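Q: Submitted below is the structure of interest, expressed as structure tokens.
Any read-out appearing in this document is the output of simple, stated calculations on the displayed coordinates, not a laboratory observation. Note that the structure is a prediction, hence the values are computed from the model and not measured. With ideal geometry, Cβ positions are generated from the backbone for all residues, glycine too; neighbour counts draw on all protein chains shown.
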Amino acid sequence: MKKVLWPGLCVLLLFINIWMGITVKNLRKYPFLGKIYVAGESEIISLPYRESLLTLIVYFSHRSCIECMEELEWWNKLFMDLPNKELSVVGVIPGNEEIESIKNKYKILFPVFYDKSLLIARSLLISATPLKIIIDKRGRLLYRAPTCTIQNSHEDFYFVVIEILRKIKQEEALRQGGNHLEIF
């Protein structure tokens with residue numbers, strides 16, 4: 001390569017390196033800003049739902065611990081109790097499992113989608129199921145934890161979500177310059 005091209009190549013590589021550094025930094029802060037496509041039974045959705053203040057993603061499978069899946073009652077309750085503009089509840093399963101059989105087995109009320117190529121599992125380092133993830137509409141990861149087998153913790157999670165939602169509503173009110181805040 002000619003000596004004239006080396007400085008140009010070095011400058012180009014410097015700009016690429018700076019751009020990649022900024023991109024990685026933003027992804028660490030807001031890991032869900034990039035779209036994650038999940039295949040449903042008859043549709044493809046993009047997570048997170050930008051219409052809701054919060055999105056609860058529950059990653060589970062047929063092999064999930066039965067005692068842990070008892071928390072499903074509270075996930076269904078969140079789905080039924082809170083308006084969709086405040087909280088979206090979405091189930092995600094590995095792409096090789098049957099959605100209908102899982103929905104029937106656990107009596108799931110909220111929508112369940114496939115993680116077709118295990119993109120979500122790999123990006124979130126999911127090694128055990130079920131796992132609960134809460135993200136806000138800006139893509140910030142607010143909560144990530146496996147479910148617990150202790151019955152009291154199932155109910156506690158319901159109130160953790162309510163508290164996170166209350167704080168997000170306060171943030172939204174402050175950002176919009178509002179002086180009042182409605183809490184349930």
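Q: May I ask which of LYS77/LYS169; LYS137/LYS167; LYS77/LYS137 have a Cα-Cα span longer than 18 Å here?
A: Long pairs (Cα-Cα over 18 Å): LYS77/LYS169; LYS77/LYS137.
Q: Output needed: percent of Cα pairs per 10 Å distance bin for the stretch 35-175, bins running from 0 to the one holding the longest distance.
A: Bins of 10 Å from zero give 12, 46, 36, 7, 0 percent of pairs.
Q: In addition: Taking a point 7 angstrom from the Cα of SER61 along the C-beta vector, which residues in the stretch 87-105 have backbone N less than 15 Å away?
A: The answer is 92-99, 102.
Q: So which GluC sites (Glu not before Pro) in the stretch 73-137 are both in a DSSP loop and have at most 12 other Cβ atoms within 10 Å of their Cβ?
A: When the GluC sites (Glu not before Pro) of the stretch 73-137 are filtered for loop state and at most 12 Cβ neighbours within 10 Å, GLU98 remain.
Q: Tell me the label-point distance for the pair TYR158, ASN96, using the 7 Å Cα-to-Cβ offset, in nm and rounded to one decimal.
A: 3.6
Q: If the only charges are +1 at each Lys and Arg Cβ and -1 at each Asp and Glu Cβ, what is the size of the charge dipole of the stretch 57-151 around the Cα centre, to the nearest 20 debye?
A: 380
Q: Report the calculated FRET efficiency for CYS10 and LEU118 (r = Cβ-Cβ distance, R0 = 45 Å), to the nearest 0.05.
A: The computed FRET efficiency comes out at 0.70.
Q: May I pose another question? Could you rank the peptides 88-94, 58-64, 155-161 by their average count of other C-beta atoms within 10 Å per residue, with the highest value first?
A: Sorting 88-94, 58-64, 155-161 by mean packing, highest first, produces 88-94, 58-64, 155-161.
Q: Here is a follow-up. Can you list residues whose amide H is under 5 Å from LEU142's amide H, if they're 5+ apart or on another chain and H is modeled 1.01 Å from N?
A: ILE134, ILE135, ASP136
Q: Please give me, ordered by residue number, the trypsin sites (Lys or Arg not before Pro) of the stretch 82-184 that lie in loop per DSSP and have at most 16 other Cβ atoms within 10 Å.
A: LYS85, LYS107, LYS116, ARG138, ARG140
Q: Let me ask something additional. Most exposed first by the Cβ proxy, i.e. fewest other Cβ within 10 Å, how do LEU109, LEU12, LEU54 rank?
A: Details: LEU109 14, LEU12 10, LEU54 23.
By the 10 Å Cβ count, ascending: LEU12, LEU109, LEU54.
Q: Further, regarding this structure: Within a 10 angstrom radius of the beta carbon, how do TRP74, TRP6 rank from fewest other beta carbons to most?
A: TRP6, TRP74
Q: Could you pull out every residue, at least 5 positions away or on a different chain, whose amide H is within less than 5 Å of the one on LEU54? Hs are placed 1.01 Å off N in the peptide plane, and Pro or chain starts have none.
A: Long-range HN contacts for LEU54: LEU87, SER88.
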